[in-house]
Structures are given as C-alpha cells and as structure tokens.
Amino acid sequence: MLDICLRILTILGVSALVLLGAAVIVILLVLFYPISYHVRGARDDEGLRINAKAGWLAGALRIKWQYPEPGRITVKLFCFTLFSGKISSEKGEENSASRTKKKSPPKTKTKPKNKPETAVSREQEINVSREGAEEQAQADGEPSAAYGEERSQGKEERGKDREQPEGKIFLKFQKIKYTIFGIYDKIKEIWDTIVYNAELLQEEETRQLLLHIRLRLGKMLRILRPRRMKAEVLFGTGEPDITGYAYGVYCMFLPILGTGLQVTPDFEHRVLRAQFDVKGRFALWVLAVNGLALARDRRLRRVWKRLGKREKSAA
C-alpha cells in the first residue's frame, strides 16, 4: 500500500515539474524571442492602403492585417487558422440591417374609430358644460368666470408692463452680468489649475520622476524603432509659406529620422502622396521590465494622488 502511494506521489510530482518546466519555457520564449513586423502601404488619390504582418517563433504564429480591401485580419498557428474576420464596412451595414429587421416593433391592433361628431353638437356640449360650471361655482360661493377673466386681464397687463423697453433692458443687463460672472469663474479655475501644475512641476520630486519617465520611454521607443524604413512622401499644403515651414521642420529632424525617409515638397498644389515599407522586431522583455519599473515608482503614485485630489477639490 505504501509503495502504491509513493508511486502515485512520484507520478504527480513528475507531472507537476513537467508542467512547470513547460510554463517556464513558454514564458521565456514569449519574453525573449523577438516579434518581427513588416508594414507596407501607400497613400494616393484613391485612398490609403496598408498591408501589415507580424510573426513570432520563426513564423509559427502569424498575424496578417489588410486595409481597406479585402479588409481582413487573420491569425494562424502553424497551418491552423485561429481567427479570420472581415473588417470592411459592408459587413457592418448588413448586420445592422438584419438587426433592424429582426427587432421590428410588433404590429398593434387598431381600434375602430367612432363616427365624427358634428361641429354644432360639439359647440352645444361645450356651452352647456360652461353654463353648468358657472352655476355650480355661484352656488358654492366660488368666484365666477367673470372674476377669472378679470384676473387673466390683470396678468396680461402685468406681462405687458414687463415687455416694456425698460424691462427688456434690465433683463439683458442681468444676462450679461451672469455671463461675465460665469466667464470669470472659468478663467479663475483655469488659472488656479495652471498655477498648481506649474508649482508641482517645479518640485524636485516631480523633476526626478519626469527624468525617470523619459529614460524608460526612451528605452521602449528605441526597441520598437524600425530596423529598416523606406518611405517617399510628396506633400503640399496649397500655400508656399506653410509648405516651406513644414519642410524646414523636417530638415531639422533629418539627422534623427535618417536617410530612409525622403520628403519632397510641392509648393504649387495641395497634395499628399506616400509609399512606405517598414520592418523591425522587438522583444517583450524590454517593454515588460521598463513598464514594471515605472509602475513600481512611488513618486508616480504620489504625484498621481496629488493630481486626483486637485481635480476633486476643483469639482
């Protein structure tokens, strides 16, 4: 009996170790094996066209996305298709039309309409009801219809007094005053927020936090940067001065962008045409390490709490 129990425990232990080892191997592959991507596209008079691919584990897992035609995203593992869906607008329109057909409101039974009454009989009934109401009001000691008419005339006279030019001018001044006070409150609130944020940014802790964020984001963008980029862009805003300013900004960043991006300005026409081909790869462990380092930074949590308290107090 003891031997059987030991064998069962041995089998369970070996199975647990195998599963744990497989899980560790999968995690290491996901974190350290690079993910490659390839994006191609063009922008011309017909519109924008993009063809993007991503692969992992030497193409064992592949993702393909095309826009706008055929407008489909496909996920494959080896030779098996895990997901394949169409993302064109026609499918959405067909689905919405079918849903509206299915959810059409039920038909209600129409009741038979009564025969229309004549205008003479209707007026007689109204006159009889008015006479009966006046007699009942006089018998109960309530004010008659004449008294009600006098009150309505008094209200009309007071309304006319308010419609005088003096009353209209007073109402306009009141609206202007309330509008000015509202604008003043908004400006004061915005100014207080700017002053608070400026003081927060000048603190030593906030400066160190911004340097840390810049360092981590720089590492993440560096690993995501394409290894090979080739793009040709022809642009024009229709105004020569604005086009020249934009081209000057591009020339300022040319040492950073590299020679793979070639921009040609068009000073006469308003145009935007481009062709691009981008390739690269990245490992998830770099993103995970830098993201966890930012999430564990206590300074970020303290600054976030202070901003939240400021928003609550302003509200």
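Derivation of every value follows stated rules applied to the coordinates shown; laboratory data play no part. All of these numbers come straight from a predicted model, not from anything done at the bench. In this analysis, Cβ positions are derived from the backbone assuming ideal geometry, glycine residues included, and neighbour counts consider all displayed protein chains.
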- To the nearest µm²/s, what D does Stokes-Einstein give for the stretch 29-84 at 25 °C and 0.890 mPa s, using the Kirkwood radius over alpha carbon pairs as Rh? 199 µm²/s
- Query: Name the trypsin sites (Lys or Arg not before Pro) in the stretch 211-266 that are in a loop by DSSP and that have at most 11 other C-beta atoms within 10 Å, would you?
  - Reply: ARG227
- Which semi-axes, in whole Å and largest first, does the equivalent ellipsoid of the stretch 172-305 have when worked out from the alpha carbon gyration tensor as the square roots of 5 times its eigenvalues? 39, 32, 13
- Message: Test of the criteria: in the stretch 259-315, which trypsin sites (Lys or Arg not before Pro) are in a DSSP loop and have at most 10 other Cβ atoms within 10 angstrom of their Cβ?
- Response: ARG296
- Item | Cα-Cα over 30 Å, subset of LYS175/LYS305; LYS177/LYS305; LYS279/LYS305; LYS188/LYS305 | LYS175/LYS305; LYS177/LYS305; LYS279/LYS305
- When you count, for each residue, the other Cβ atoms within 10 Å and take the mean per peptide, how do 9-22, 254-267 rank with the highest first? 254-267, 9-22
